[in-house]
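One structure is given below, encoded as structure tokens.
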Amino acid sequence: MIRKLVLSHPSGSSAEVYLNGAHVTSWIPAGDTERLFLSRKAMLENGKAIRGGIPVVFPQFADSGPLPKHGWLRTTEWEVDSARQSASSVTLFTEDTASTRQLWPHPYRAELTVDLDAESIEVSLTIINTGAEAFSFTSALHTYLAVADVRRAKLSGLFAAQYVDKTDNDLLKNEGSAEVRISCETDRVYIDAPPTLHLLDRYTGRSLHITATRFPDTVVWNPWAEKTKKLPDMDNDEYLRMICVEAALASQPLTLPPQQAWRGSQKLSALQADKPMLAATEKIRSD
Ligand code: TA6
């Protein structure tokens, strides 16, 4: 049976975390509605990757090497560290096994901590090299954010950042726009991106601050219509309801010496107070 934890904060905010993948699938800030996208067709089964929420990617981002795409932590059943669990916070962990060592011969411990506050959620991934030799890895928190209509969302903070355009032969480009908008298949790795971004859903007026720590890159992904049809765990129209803004360590692998730890995090903060003002401003601009 697939196991899920429910976190709740006295303010009324809540989050859900599946042990399969240490996968956050829901985040509802206080007085708000769902902020993470989860596909209607997501496979909520042990050993299956979940389409939506916050998949944990390690030790390989995407198909950048010989390992399974995005690694295996997203399909691994994690354990709860009961000494680090409260109503609004939890730490899960997983370690190497004989079968992971067959794929990748390195001992490790991964920990994922989810901290829920009234208007924010912070997800932190710690990788510990428990072996006697250094290893290199890439990683991401592959966050799927919910939007009412991705065509009316805009992501600010990436102006002038260099990115690898995976939909255009991996060409290196410069972001020329102050606001990234999605109007076709988008798959970009922004290299050494600014740590704080702002996502505005112009349809609802809701917005989010997205802050990454020690994940130097940002991945922006939307499969758009054609690719979505090929994804068995996503409905045809659902690409309109999501945008992935991923905290990533993707462009350059990180080398972790033996017995050392690396910790990276992504914090999402809901900006409800700005909502009426932003909605009004956006309405005036788009009229
Ligand atoms: O992070 C973007 C990406 O690497 C895309 O290229 C796309 O394939 C996406 O991840 C989803 O991958 P998945 O294996 O979950 O279908």
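All of the numbers you see were taken from the coordinates with simple rules; none came from a lab. Because the structure is a prediction, the values reported are computed rather than measured. As a convention, Cβ positions derive from the backbone with ideal geometry for all residues, glycine included, and neighbour counts pool all protein chains shown.
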Diffing segment 41-56: the Karplus 3J(HN,Hα) column from phi (6.51, -1.76, 1.60, θ = phi - 60°), in whole Hz with x for Gly and Pro, holds 9, 4, 8, 8, 9, 4, x, 10, 6, 9, 7, x, x, 10, x, 9
Suppose a student asked you for the relative contact order of segment 1-54, using Cα pairs under 8 Å spaced at least 6 residues apart; what percent would you report? 28
Return a whole-number percent for the relative contact order of segment 1-143, with Cα pairs under 8 Å and 6 or more residues apart as the contact set. 23
Quick one: which residues, 5 or more positions from residue 67 or on another chain, have an amide H under 5 Å from its amide H? H modelled 1.01 Å from N in the peptide plane, none for Pro or chain starts. none
Interchain or long-range residues, amide H under 5 Å from residue 149's placed H: 203
Sites removed, the longest contiguous part of the chain containing no DSSP-loop GluC sites (Glu not before Pro) with at most 15 other Cβ within 10 Å is 134-287
For segment 1-46, just list the percent of Cα-Cα distances falling in each 10 Å bin from zero outward, please. 27, 52, 20, 1
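Kindly provide the Kirkwood hydrodynamic radius of the chain in Å, to one decimal, from all pairs of distinct alpha carbon atoms.
Final number for the Kirkwood radius of the chain is 19.2 Å.
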Karplus-derived 3J(HN,Hα) from phi for segment 80-95 (6.51 cos²θ - 1.76 cosθ + 1.60, θ = phi - 60°), whole Hz, x at Gly and Pro, runs 8, 8, 5, 6, 10, 9, 9, 4, 10, 8, 8, 10, 10, 9, 8, 10
Length-normalised contact order for the chain - Cα pairs under 8 Å, 6+ apart - percent: 18
Taking N as the number of residues in segment 5-125, what is its Cα Rg relative to 2.2 N^0.38 Å? 1.09
Would you be so kind as to identify which of 130, 209, 85 lies farthest towards the positive end of the dipole of the chain, taking Lys and Arg as +1 and Asp and Glu as -1 on Cβ and the Cα centre as origin? 209
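Just the ratio, please: alpha-carbon radius of gyration of segment 195-246 over 2.2 N^0.38 Å, N its number of residues. Spell out each step's value before the answer.
On the way: Rg = 13.3 Å, N = 52, 2.2 N^0.38 = 9.9 Å.
Working it through for segment 195-246, the quotient is 1.35.
Grab the beta carbon distance between residue 151 and residue 171, set R0 = 22 Å, and tell me the FRET efficiency rounded to 0.05.
0.40
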Angle check, please: helix 275-286 long axis (alpha carbons) against the longest principal axis of the chain (alpha carbons), in degrees 0 to 90, nearest 10. 60
List the lysines whose alpha-carbon lies under 27 Å from that of residue 154, not counting same-chain residues fewer than 8 positions away? 41, 166, 173, 227, 229, 230, 267, 275, 283
Inter-label distance, nm, simple model (7 Å from Cα along the C-beta direction), residue 117/residue 103: 3.4
Residue by residue through segment 104-121, the couplings from Karplus 6.51 cos²θ - 1.76 cosθ + 1.60 with θ = phi - 60°, in Hz, x for Gly and Pro, are 8, x, 10, x, 8, 10, 10, 10, 10, 10, 10, 10, 9, 10, 4, 10, 9, 9
Using the basic label-point model (7 angstrom from Cα toward the beta carbon), what is the residue 85 to residue 254 distance in nanometres? 2.7
Show that you can apply the helix-only estimate: for the chain, add -39,500 (n - 2.57) for every DSSP H stretch of four or more residues, divide by all residues, and state [θ] at 222 nm to the nearest 500. -2000 deg cm²/dmol
Show me the three semi-axes of the equivalent ellipsoid for segment 137-181, from the C-alpha gyration tensor (sqrt of 5 times each eigenvalue), largest first, rounded to whole Å. 20, 17, 11
